[in-house]
Amino acid sequence: MKITDVRAYPLKTRTALVRVFTDEGIEGIGECSPMNVPIMCHFVEQALKPIIVGKDPMDVEQLWNDMFMRTYKLGVMGTQPSCISGVDIALWDIRGKATNMPIYKLLGGAARTRFRMYKSIGGGAPLAAEEMLERVRQAHEEGYTAIKIRMDWGPYRQDADPEKDLRMFQLAREFLPDSTPLSFDANNGYSVSTAIRQGRAFEQLGIYHFEEPVPQYDYEGIKRVADALDVPVSAGEHEYTRWQMRDLLLQGAPDILQPDVVKCCGITEMKRIVTLAETFDRSTLPHQTQPTIGTLASLHVCATSPQSSRPHEFSGERPELNELFEEPVLLEDGFMQIPDRPGLGLVINEERLASLIAE
Ligand code: CA
């Protein structure tokens, strides 16, 4: 089998969709991180397509090596790994379709195929505590049985309003049943001392995991926070390769690693990162904001790891995006089931795709 074409489409849903075509009529689909969709699509078609056209799509790891090393000087953070992600996911989809197996089977089999998903509620920074409570209430009514509130401070607004964050967490925690885990994501917005003080207060109230308490580049600071607190501290959504994850683990020592399959060079590299986490006896709790292809690709990898049992991130359904697929994979009672179909388990509806492609 040979790869004949690679196309990347900007969708109106702010999605960078990748399609890899072959001479045997088998097609794979993937998705890049949506940080800048036109740039992602351009990179896939200009930088990656020439490297893999004419090659055998079953040689996934060798194609990964080619794509990564031959575009190394164009990235290694951000665009390059995100674009490799989109193509790599599509190659695994082809591999699954060609062998009539779900991707998790090709990766060695599933420890589980059904996942509890947590609702990730973002945009906390400008909200009043009561407004966030309303969103938490809504997610609870939608049937979610695990929730995370996200501040989106970023490393450039350090310690902006920790008292409000704490009040927000407290209101949400008091509203939710004890059986619903509640996590908190500072989105890199605290100094080390504030993060430790906040973390201790969250622990008193009952917190499930404390995400990115300090700036993502401050590995030493992450370690000081993780060492000081009992609550599992997580980080890793800003790491793009297994080497960066290794450095984060050795220097930052977070309790939980958070690779994102549409950012960290795809399924090939994420599987290695999951193995790295297992090697250090850490759990993997992926970062994932893309509700269809990205979510499924992530679940296929995490299905293989017994140490990836925590509820997974979900930003909520997007009806227009679900309609892109013949049999969308939907959330049911707060859970998601990986379909027992070849590859990712998603089939594109061409008519709907045509209507979703951005001008
Ligand atoms: Ca996060």
Practice task
Filter the helices (runs of 4 or more DSSP H) completely within region 57-144 down to those with at least 2 residues that are over 22 Å from Cys264 (Cα atoms).
Solution key: 79-99, 129-141
Exercise for the section: Just one of (1) over 22 Å from Arg95 (Cβ atoms); (2) in a loop (DSSP other than H, G, I, E, B); (3) of a type in the set (A, V, I, L, M) trips up Val261, so point out which. Expected result: (1)
Handout entry: Leading residue by the ranking (nearest to the ligand (Cβ to nearest atom)) among those in region 284-315 that are of a type outside the set (A, V, I, L, M) and under 12 Å from Ser85 (Cβ atoms)
Key = Gln288
Problem - Residue within region 164-186 that is within 15 Å of the ligand (Cβ to nearest atom) and either open to solvent by 10 Å² or more (accessible area, probe 1.4 Å) or touching a Gly at 6+ places or on another chain (Cβ under 6 Å) (or both) present - result: no
Problem - Filter pass, Thr113 being open to solvent by 10 Å² or more (accessible area, probe 1.4 Å) and in contact with a helix residue (DSSP H, G or I) (Cβ under 8 Å, 6 or more places away or on another chain) - result: yes
Exercise for the section: Report, by residue number, each residue of region 213-263 that is aromatic (Phe, Trp, Tyr) and over 30 Å from Tyr104 (Cα atoms). Expected result: Tyr217, Tyr219
Practice task
Can you give me the number of residues within region 241-258 that are assigned to a loop (DSSP other than H, G, I, E, B) and either over 25 Å from Tyr208 (Cα atoms) or among the basic types (Lys, Arg) (or both)?
Solution key: 1
Problem - Extreme residue, farthest from the ligand (Cβ to nearest atom), among residues of region 232-256 that are within 23 Å of Arg197 (Cβ to Cβ) and open to solvent by less than 10 Å² (accessible area, probe 1.4 Å) - result: Gly252
Problem - From Glu313, Glu320, Glu327, residue being outside any helix (DSSP H, G or I) and farther than 28 Å from Met67 by Cβ - result: Glu327
Problem - Single residue of Glu142, Glu211 found to be among the charged types (D, E, K, R), open to solvent by 10 Å² or more (accessible area, probe 1.4 Å) and either within 16 Å of the ligand (Cβ to nearest atom) or in contact with a Lys or Arg (Cβ under 8 Å, 6 or more places away or on another chain) (or both) - result: Glu142
Fill in the blank from the handout: In the set Pro81, Pro50, the lone residue that is outside the structural domain of Ser298 (by TED's automatic domain parsing) and open to solvent by 60 Å² or more (accessible area, probe 1.4 Å) is Pro50
Handout entry: Checklist (1) open to solvent by less than 50 Å² (accessible area, probe 1.4 Å); (2) over 17 Å from the mean Cα position of the chain (by Cα); (3) hydroxyl-bearing (Ser, Thr, Tyr) applied to Thr279, failing item
Key = (1)
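The values are calculated or read from the model by the stated rules, or taken from the named source; none is laboratory data. What you see is a predicted model; the values in this text were computed from it and never measured. A quick note on method: Cβ atoms are made from the backbone with ideal geometry, for glycine too, and the neighbour counts reach across all protein chains shown. For accessibility, only protein heavy atoms count, side chains too; no ligands or nucleic acids. Shrake-Rupley method; radii C 1.70, N 1.55, O 1.52, S 1.80 Å.
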